[in-house]
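Down below is the structure, laid out as structure tokens.
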């Protein structure tokens, strides 16, 4: 391998600043604690919305959604109400491994399926469907299968058999670690990126196990982070003194109290209507519709010329958006404000694909998870999840910077690519 500094990026999907600090301080993650003591450790903001595909796309490109083109897990086909699933092929800005010299090893980054030719090795992360289309170069697939490599944990098991789900979490983590060790030595890499995503799955289903030391799965929860910390220590021990180490999450997490159904609210207050044929789908929207939501709480005006049944004139848009702002600002459940922040797209996005984005984006207040389901019969509900994403509680840990001022006071996921670039230049 080359003598000049290398970069290692370790991602912990969904892990909030407070959790990583607590585990570092309490002895659960001693290796992380040591890195914090020698590096720069800061609370970080995620993308808006704070979902994995948007956040990881922003991190690997250094761009916002209006520049890289990924606004959510699901979107609409142009000039239609038909849902589509954006993937790596939809990404309109180059990831860092396509721009920087030298080989890269990229393992399990969400939103990077299907893989394509690159200088190095790429194993796609969530949502990866076909194993063969998730691996580059293709011959590596046979080696990974021998290791029992899994593209993702089977989260469906958590709905019916938690013990089976947790056994799958263990097997998925073990295979991920084996793949990292193999590729670390097998590839002449210049940068290495390894993402752990079972952390996100655990917090969705078992946030209460983290908060409650008496919970039957509390020990498993903590042990999962101990295992990750052991790998972090192993990686740190294999790095040179001039190498750059970056560890971060893509968004934060917190306790989930209520799911709030935004399309139910829009329908209740007359902004969203459906044709009278018994079906409730986006493709059955009535021309009388003024606005609708896509997960998670991306508000689209039903603009004339943009959608098949669009009826909102551009001259009406400002008035409708103002009405919606008043509606969302006043929304309360159990005497608590549901919406923390309301943004127009121009406030948070900039780039050539701005018109493809939602007209308004909502960020939930603490404890509330905003949903865009259509077939619901109440404003609020509660599914199997006990934890939900947060926008402003991700974390960033950097070790090896010659100039700490490279890290902004309030970093965001889209800053990470630039931090690494400046850090390598100043090394």
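Brief remarks on what is shown
- The slack between residue 132 and residue 340, meaning 0.36 nm per residue of separation minus the straight C-alpha distance, is 70.7 nm.
- With the simple model of a label 7 Å out from the Cα in the direction of the Cβ, residue 323 to residue 170 spans 5.7 nm.
- Within the range 288-331, backbone nitrogen closer than 14 Å to the virtual label 7 Å beyond the Cα of residue 277 toward Cβ: 309
- Fewest neighbouring Cβ atoms within 10 Å first, the residues 309, 45, 198 line up as 309, 45, 198.
- Among the listed values (1) 23.7, 89; (2) 24.6, 70; (3) 21.9, 69, the one computed from these coordinates for Rg and Dmax of the Cα atoms in Å is (3).
- Ranking of 281, 32 by count of other Cβ atoms within 10 Å, fewest first: 281, 32
- Its relative contact order, with pairs defined as Cα atoms under 8 Å and 6+ residues apart, puts the range 125-225 at 19 percent.
- In the chain, the longest principal axis of the Cα atoms and the axis of helix 314-329 are about 70 degrees apart.
- For the chain, the longest principal axis of the C-alpha atoms and the axis of helix 198-211 are separated by about 80°.
- Separation of alpha-carbon centers, the range 57-118 and the range 328-400, rounded to whole Å: 21 Å
- The angle separating the long axis of helix 52-61 from the principal Cα axis of greatest extent in the chain is about 60 degrees.
- Look at 174, 414, 58 and count the other Cβ atoms within 10 Å of each Cβ; fewest to most, that gives 174, 414, 58.
- Prolate/oblate/rounded call for the range 258-381, Cα gyration tensor, a/c under 1.5 rounded: oblate
- Value of [θ]222 nm, deg cm²/dmol, for the chain, DSSP H segments ≥ 4, -39500 (n - 2.57) each, nearest 500: -10000 deg cm²/dmol
- Distance between modelled label sites at residue 330 and residue 211, nm, 7 Å Cα→Cβ extension: 3.0 nm
- Antiparallel %, DSSP beta bridges [both residues in the range 258-381], to 5: 75 percent
- The label point for residue 355 and the one for residue 89, both projected 7 Å from the Cα toward the Cβ, are 2.4 nm apart.
- The chain - share of DSSP beta bridges that are antiparallel (%, nearest 5): 55 percent
- C-alpha center-to-center spacing [the range 404-427, the range 169-206] in angstrom: 24 Å
Values quoted throughout were computed directly from the atomic coordinates according to the rules given, and no laboratory measurement underlies them. The structure displayed is predicted, hence computed values, not measured ones. Note: ideal-geometry Cβ built from the backbone for every residue, glycine included; neighbour counts use all protein chains shown.
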